[in-house]
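Inspection log for the structure reproduced underneath, given as structure tokens.
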Amino acid sequence: MISFARQHLARFLPPFLSHLVHFFFRKRYNMGDCIFCRIIAGQAPADILFRDDQVTVFRDIHPAAPLHLLIVPNRHIPSLNELQEQDAALMAHLLLAAKRMAAEQGVDKHGYRLIINTGIQGGQTIFHLHMHLLAGRPMRPVG
Ligand code: AMP
Ligand code: ZN
């Protein structure tokens, strides 16, 4: 919602004011220089397949499977560790977006894997909460 407002507000402003708006939002909402926030704000390139007021879905730049999507909340939440009780509906929305993308991409019947890496040992490299959707090849059992 915030990123969405930021994007639309900034679009109608001259460049120097637009930079000021983005600077304010980054400081106010503790976004730092987050690549996913920049993608969501339309400031960095990405192959976006879906977006609404809560979630953006784009292709992973280094695909680990024939279909590799990232399902990302538009609001900057660093990781699952920072998720709050009041974010329950947002997470349900992310899961439903994943299910819909799987169906749209035609991988729902064969199957797919959803992954949320959390923290350093969890393999998280981008500290903006996201869900990986992997499909298009057999996945090894986790255990
Ligand atoms: P994780 O390791 O779970 O934090 O996943 C981060 C993912 O983001 C990795 O699979 C990266 O390949 C992907 N990634 C990093 N930068 C970009 C980008 N600019 N556009 C799309 N995907 C990216
Ligand atoms: Zn972010």
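Please treat every number below as a calculation from the coordinates, not as lab data. Just so it is clear, the model here is predicted, and its values are computed rather than measured. Please note: Cβ atoms are built from the backbone with ideal geometry, for glycine as well, and neighbour counts cover all protein chains shown.
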**OP:** For L129, enumerate residues with amide H under 5 Å from its amide H, sequence gap 5+ or separate chain, H modeled in the peptide plane.
**Re:** I77, S79
Original post:
Around Q54, with a cut-off of 14 angstrom between Cβ atoms, what is the net charge of the other residues, counting Lys and Arg +1 and Asp and Glu -1?
Top reply: 0
Original post:
Taking the Cα-to-Cβ direction at R113 and at Q86 and moving 7 Å from each Cα, how far apart do the two end points lie in nm?
Top reply: 3.6 nm
Original post:
From the phi of every residue in region 60-74, what ³J(HN,Hα) in whole Hz does the Karplus formula 6.51 cos²θ - 1.76 cosθ + 1.60 yield, where θ is phi - 60° and glycine or proline is x?
Top reply: 5, 6, 10, x, 9, 7, x, 10, 9, 10, 10, 10, 10, x, 5
**OP:** Collect residues whose amide H, placed 1.01 Å from N in the peptide plane, falls under 5 Å from the amide H of F50; neighbours closer than 5 in sequence don't count.
**Re:** V57
Original post:
How large is ³J(HN,Hα) for each residue in region 113-124, as worked out from phi by the Karplus curve 6.51 cos²θ - 1.76 cosθ + 1.60 (θ = phi - 60°), to whole Hz, x for Gly and Pro?
Top reply: 10, 10, 9, 10, 6, 9, x, 4, 5, x, x, 6
Subject >> For region 132-139, 3J(HN,Hα) per residue [Karplus equation, 6.51 cos²θ - 1.76 cosθ + 1.60, θ = phi - 60°, Hz, x = Gly/Pro] >> reply: 8, 10, 10, 6, x, 8, x, 9
